[in-house]
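Participant: Structure in structure tokens, see below.
Read the figures in this text as sums done on the coordinates, not as results from a lab. Source: prediction; values computed, not measured. Glycine gets a Cβ as well: all are built from the backbone with ideal geometry, and neighbour counts include every protein chain shown.
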Amino acid sequence: MAGPATETIAPFDQAPPPHTPAVEPHLLTEAAPPPHAGPRRDFLKMTLAATSVVGLCMAIWPFLDTMDPSHIVVTSTDVTVNLGGIPAGSGVTVVWKGQPILIRHRTPAEITREQNTNILQLRDPATDGSRVKTGHADWVVLFGTGPDGCVVVGNSPSDPRGHYGGWVSPCDGSQYDTVGRIRSGPAKTNLGVPPYDFSSATTITIG
Amino acid sequence: MLFEEDPENPAGRIPVTGPGATRVPRDQGPLWSFGMLAGVSLALMLLTGVFLAMNYVVGVQPFETIQWIMRVVSYGWLIRFMHMAGTSIFFVIAFINVGRSLYYGSYKRPRQRVWMLGLVTLILMMLTAYTGYLLPMGQMSYWSTLALAHTLAGFPFVGHNIVRWIMGGDGIDSATLTHFYTFHLLFALAILGAVVGHLQARRIDAAEAPRLEMASVETVPFHPFYTVRAAVALLTFLIVCAVIVFFLPYTFEQSANFQPADPLVTPSNITPQWYLLPFYAMTRCTQSPLLSLALVVAGWAALFALPWLDPSPIHGPRRRPLFQPALFGFFVVVILLGWAGAHPTTSGWVLLDRLFTLLYFLFFLVGVPLLGVIETPGASLGVSLSQRFSVKALLEGRGAGTLLLAALLVAASATTAARAQDTANVSQDEGWGFQGAFGTFDRASLQRGFQVYQQACAGCHGLQFLRYGDLEGIGLRPAQTAAIAATAQVPGGFNSAGLPITRPGIPSDPFHNPWPNPQAARAASYGAYPPDLSLIVDQRPDGPTYIDHLLTGYGTAPPGVTLFPNRSWNAAFPGNQIAMAAPLRAGQMTFLDGTRATVPQMSRDVTTFLAWASDPSVEERRQDGVRIILFLGFLLFLTTLLRRRIWGVLPRA
């Protein structure tokens, strides 16, 4: 390629010289119109753009996926609890997926009382049987966090348990019965029931 | 060529590519894409760095954290390999940028700022890489960090205090890790700042340069001509990166770094990362820490002072008949300096360190100032870069291109050889089916190998980074892995009386460790620690072949050799006296698939299993790699077609 034509070189501090279109092919001047965009080129551009967008979206996925809990963490979250040492009328709190889970051993009197409650009076109607496992009415397993975001108290017989013998929220004072149904106070919903199963007569697996 | 400056008018060059330039010389070569590629590398490093930071646990069990990221975090291996191999890729790109600036005289007035900010970026990159290299806490991380940190001790009076202050202690511990982690992030942010300055300076300086040559030199609008070229360069770069990340991720890693850091054992040859080697070699010229430090500082100062050291106003090297060969000589010297730095500090290599360091400084202090004065600029253009690197020139064995490539090859091969030097006499390539880009593991062999591990190895050797659930990868069903897991008793917390209890293992549990602690392991094994086998194949140079030879290498000691007590003679073991008694005996176990349990068979199977265990996702990764490379190749094909369409409208030059 030819070197710079000396006649066009002007001193450093002067304005650039006007262009000399006669010397150059028209496409190479600054004022040139954009090169002709043929239909084939447009097609290529669109295919390329579409493919690149698809590629970028696919490339984002692995990065976001690293933030997800890994499959190993997810599968290892099951918590097995031995119910052996929990006396009737008392309860324990275990942690599952970072959340408190209440396990309560109910007395026969408590079971009878909740089973006989008229569910039509309840704010969030649910039968006692729908919130425990069949044949294991003496065991109640609940999420410990109430609708107000506070962990309820009442597991130990010496804790405040409210008028209904279950749990009380230390924040808004809502009272729950022994199967975790809301009975008084500002809360609108019952305590949730986590997924769990009896793996034997005296052990449950949460998760 | 378009970047040949007029001697009368050094400032009158055309703006380089990028946002500052609306029109670009028509025929600028591929080297001008490397600024953009450096930006892309930086972006990828920051991106992967952010996601690594979300998964890396600072200061506690760093080695285990990396294995957690590699094996448990979804796509953790991807971000880690991208970050790890990306560092080396980034440095290659950055060095090419620096070399190009030297070649085209881009450091000269009025672009000193661009040049110096580029150098600042490079220094920050080295600091970032240096601090980041400690974080995986392998053997080489530990020892090379320590070796380089002690260069700083050369500061008069306060040197040792500085080292203590940087490391947060007298040695490397968790305080050092948190310090270095923080430094790593800060330096990375600083790179971002320096790059913004570098780009801004380039924009301003390019704008200052009158576009005098525009009227006489053919230029084209940046868009679409150079956007499409940039896309081609970018896709080519991404394909190269993908090949490295998916198929050769450990290219730049040393086998010692698969070993967790051990403050009690120094690796035979401490070498820092390759991109620090030229300056590392300088520090080895002298025993005096102060002088070592001074040499490195002077080496950088020479680069910074280059705009003022070079009196020649000519930017284009092709009109400089003496400078151009001198510059290529300098490139070769830098490469050889790095090559020498990769070798042990024996007197011969130190002599080479000194020789190349001397040549390095001669180039700046004598060559550059003198050549600018005595040289008569050529009236016509000399050989161009593309001619110098043309296939023809290389084949004929002449030209600077050949010289550079030869230096690179020497440096690379010698470094690899130095790395393998501490292995015993093991031969290459045993035909392992799982090696190579498309290698796969033989599932039957893996399952037999697992049986061998269980029956012959597991009594003494742990496999701590493998989880029972990972065994699905050798072809077991989930129910089988659960059953295997359940045979192990793992710590299960505490009972209501506060005593530790165990529970049956579940698939997400790591393999049961046969020893409660290393002391117990040593006590039961004649003082020799039975190494964990999770990464053994990576930890030994020539890994699988070495393991196989070790397991089949037992024999009686040759006459004249007295064995130490409780040692066995082994042909493959360094020193030939090994504490592990021959673990395999013919017919020791029965394979369910009817294969005869000969020693070579068991050895080969267990080696295959251990190779798989060192990297259980390797096949999946290679498959992902093939898909991604095919996809990028398709994009590259389309882009090349588009480039032809776009550039085809121009009249022939």
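Participant: Just want the ordering: A:Val168, A:Val152, A:Val95, from fewest to most Cβ atoms lying within 10 Å of their own Cβ.
Facilitator: A:Val95, A:Val168, A:Val152
Participant: Kindly write out, for the stretch B:55-61 in residue order, the coupling ³J(HN,Hα) from the Karplus curve 6.51 cos²θ - 1.76 cosθ + 1.60 (θ = phi - 60°), rounded to whole Hz, with x marking Gly and Pro.
Facilitator: 10, 7, 9, 7, x, 10, 6
Participant: Right, here's the next one. Using modelled amide H (1.01 Å from N, peptide plane; none on Pro or chain starts), what sits under 5 Å from the amide H of B:Tyr529, excluding residues fewer than 5 places away?
Facilitator: Counting only residues 5 or more places away or on other chains, the set is empty.
Participant: While we're on this one: Give the order of A:Glu110, B:Glu472 when sorted by the count of other beta carbons within 10 angstrom, beginning with the fewest.
Facilitator: B:Glu472, A:Glu110
Participant: Still on this structure, please answer the following. Nearest 500 deg cm²/dmol is fine: what mean residue ellipticity at 222 nm does the protein assembly as shown get from its DSSP H runs of n ≥ 4 alone, each adding -39,500 (n - 2.57), divided by its residue count?
Facilitator: The per-residue figure over the protein assembly as shown is -14500 deg cm²/dmol.
Participant: Starting from the 7 Å offset along Cα-to-Cβ, what nm value, one decimal, do you get for the label separation of B:Gln435 and B:Ala53?
Facilitator: 3.9 nm
Participant: Moving on. Which number do you get for Rg(Cα) / (2.2 N^0.38 Å) in the protein assembly as shown?
Facilitator: Rounded to two decimals, the normalised Rg is 1.20.
Participant: Using θ = phi - 60° and the Karplus curve 6.51 cos²θ - 1.76 cosθ + 1.60, what whole-Hz ³J(HN,Hα) does each residue of the stretch B:506-517 get, with Gly and Pro shown as x?
Facilitator: Ordered by residue, 3J(HN,Hα) equals 10, x, 7, 6, x, 4, 5, 8, x, 10, x, 6 Hz.
Participant: Right, something else. Looking at the calculated P(r) for the stretch A:163-204, what percent of the C-alpha pair distances fall above 18 Å?
Facilitator: Value for the stretch A:163-204 (Cα pairs over 18 Å): 37 percent.
Participant: Further, regarding this structure: Contour minus end-to-end for A:Asp159 and A:Met67, with contour as 0.36 nm per residue of separation and end-to-end as the Cα-Cα distance?
Facilitator: Gain on extension, A:Asp159 to A:Met67, equals 29.2 nm.
Participant: Just want the answer: with Cβ charges of +1 for Lys and Arg and -1 for Asp and Glu, which residue in A:Leu83, A:Leu191, A:Val179 is farthest toward the dipole's positive end in the stretch A:46-206?
Facilitator: It is A:Val179.
Participant: Work out the charge dipole of the protein assembly as shown with +1 on the Cβ of Lys and Arg and -1 on the Cβ of Asp and Glu about the Cα centre, then indicate which of B:Phe591, B:Gly29, B:Tyr554 is farthest towards its positive end.
Facilitator: B:Gly29
Participant: Sort the stretch B:114-271 into rounded, prolate or oblate with this rule: let a ≥ b ≥ c be the square roots of the eigenvalues of the Cα gyration tensor; rounded if a/c is under 1.5, and if a/c is not under 1.5, prolate when a/b is larger than b/c, oblate otherwise.
Facilitator: Here the stretch B:114-271 falls in the oblate category.
Participant: Pairs of alpha-carbon atoms within less than 8 angstrom and 6+ residues apart define the contacts here; what relative contact order does chain B have, in percent?
Facilitator: Averaging sequence separation for qualifying contacts and normalising by length gives 15 percent for chain B.
Participant: If packing is taken as the mean number of other Cβ atoms within 10 Å per residue, what is the order of A:122-133, B:514-525, B:601-612, highest first?
Facilitator: B:601-612, A:122-133, B:514-525
Participant: Which whole-number percent gives the relative contact order of the stretch A:46-206, counting Cα pairs below 8 Å spaced six or more residues apart?
Facilitator: 21 percent
Participant: Specify the inter-centroid distance of the stretch B:41-103 and the stretch A:100-144, based on alpha-carbon positions, in whole Å.
Facilitator: About 53 Å separates the Cα centre of the stretch B:41-103 from the one of the stretch A:100-144.
Participant: Take the alpha carbon atoms of the stretch B:223-237, find their center, do the same for the stretch B:490-563, and report the distance between the two centers in whole angstrom.
Facilitator: 52 Å
Participant: Of B:Arg113, A:Arg106, A:Arg161, how do they rank once you tally other Cβ atoms within 10 Å and put the fewest first?
Facilitator: Listed from fewest to most nearby Cβ atoms, that is B:Arg113, A:Arg161, A:Arg106.
Participant: Hey, another quick one. Let a ≥ b ≥ c be the square roots of the eigenvalues of the Cα gyration tensor of the stretch A:46-206; is it rounded (a/c under 1.5), or, if not, prolate (a/b larger than b/c) or oblate? Don't skip to the answer; put the middle values down first.
Facilitator: Values: a/c = 2.73, a/b = 2.03, b/c = 1.35.
Taking the square roots of the gyration eigenvalues as a ≥ b ≥ c, the stretch A:46-206 is prolate.
Participant: Taking H placed 1.01 Å from N in the peptide plane, check which residues at least 5 places from A:Trp167 or on another chain put their amide H under 5 Å from its amide H.
Facilitator: A:Tyr176, A:Asp177
Participant: Once you have the Kirkwood Rh of the stretch B:494-653 from its Cα pairs, apply Stokes-Einstein at 10 °C and 1.306 mPa s and quote D in µm²/s.
Facilitator: Translational diffusion coefficient: 75 µm²/s.
Participant: Using the charge dipole of the stretch A:46-206 (Lys, Arg: +1 at Cβ; Asp, Glu: -1 at Cβ; taken about the Cα centre), state which of A:Ala201, A:Ile72, A:His105 has its Cα farthest towards the positive end.
Facilitator: Going by the Cα projections, it comes out as A:His105.
Participant: Amide H of B:Val490 versus every other amide H placed in the peptide plane: which residues, excluding those fewer than 5 positions away on the same chain, fall under 5 Å?
Facilitator: Counting only residues 5 or more places away or on other chains, the set is B:Arg503, B:Gly505.
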